[in-house]
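Heads up, the thing below is written out as structure tokens.
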Amino acid sequence: MRLLKKTTFAIVDDTKKNKKSALRVQAGIEKPSSVNPVLKSGLGKFKKPKLNIELLVKNIFKGDRSSLSRGITIVESSLPTDKILAKQIIHECLPYSGNSIRIGITGVPGVGKSTFIETFGNFLIEKGKKVAVLAIDPSSKRTKGSILGDKTRMESLSNNPNAFIRPSASAGTLGGIARKTRETITLCEASGFDIILVETVGVGQSETAVAQIVDFFLLLMLAGSGDELQGIKRGIMEMADMILINKADGDNMTKADLARREFENALLLFPALENNWVPIVKTASALYSKGIEDVWDTISKYLKLTTENGHFQLKRSKQSGEILQESIESALMDNFYNDPDLKEKIKSIKKEIDKGNLSPYDAADELLDVYLKRKNN
């Protein structure tokens, strides 16, 4: 310790003798505050810039993708403030919508929907069309999350300037996502897209909801799916305007042709459609771009027939009526569950139900009575 002290004093003495010594301690720089002085003063709070709806809608009309995506995000939002903005956006875009062809595409998992949509979308773009793909991905009931990987699977189409791909999570709802999809279609049509492809995952109730918002419903199937045919023929098949046996290539071509005949025979059991259209069964290979033109020819024939006999417009009118009904139901649900007094009442009633002191049916009647009396007063 003595040696250390002597050395230290020696250094100090040396610096005193020679002020230019490298050992001389320089004056330190004052450490800046870890808090932004503007924020510390309370003057600069992080605020989201106010959205200019008029400018946003104008940019949507110009075909600006960023504005279209922003508009769709607002439409899909469940925030009360965004719901007000969404109504304004839809109101402005609605007069410029309705000019596209809406095609629903579904099929069993692994049937090749993404490959087909990419091939079909590029085919349509080559014909001078602008294509929007609205992909509905199922959400996890536990985590509420969704993969939303369609842009990754459709790399070629997503990079095309005349294509727009928008994956959306179902968020565990059926009617809700159908309503949001209708509004998204409105924005895409106002942005100038000629073809709207609505993709769903799997075969189930969500497909039923989507079939009610499109003009043409395409069902993709695989060869050798006879067992699946029995399970879905009374559900999804009766809504299909066309059944396409995908992956009809290589050694699978014979099986695909056999599957086509099986589906054609199954369709004979169904009653004739009101629009006089007879559903068509075809084979295709999206991977090798085979049979894609047949799909477009079939859609064109369907549109020609239904336009001439008036069923195209009739279907659109029916869909508008469904939008009216769903909008009323949704507004009533929101108003009911967001009532501050009813929220507390629902909590207390649920406790009584859990204890077995109250029937869920009697509880529902009680809550509705409270709600209606409040509205009448």
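Laboratory data are not the source of any read-out in this text; all were calculated from the coordinates shown. Only a predicted model underlies this, so the values are computations on that prediction, with no experimental measurement involved. No Cβ is skipped: glycine too gets one built from the backbone with ideal geometry, and neighbour counts run over all protein chains shown.
Things worth noting here:
- Prolate/oblate/rounded label for the range 260-302 (Cα gyration tensor, a/c 1.5): oblate
- Residue among Asn376, Ile299, Gln313 farthest towards the positive dipole end of the range 220-377, charges placed on Cβ: Asn376
- Using Cβ point charges alone (K and R +1, D and E -1), the dipole size of the range 230-317 about the Cα centre works out to roughly 180 debye.
- Charge dipole (debye, nearest 20) of the range 52-96; +1 at Cβ of Lys and Arg, -1 at Cβ of Asp and Glu: 60 debye
- Each Lys and Arg contributes +1 and each Asp and Glu -1, all at the Cβ; summed about the Cα centre of the range 222-377, the dipole is approximately 140 debye.
- Out-of-range pairs (alpha-carbon distance over 23 Å; input Lys62/Lys129; Lys87/Lys345; Lys255/Lys301; Lys130/Lys304): Lys87/Lys345; Lys255/Lys301
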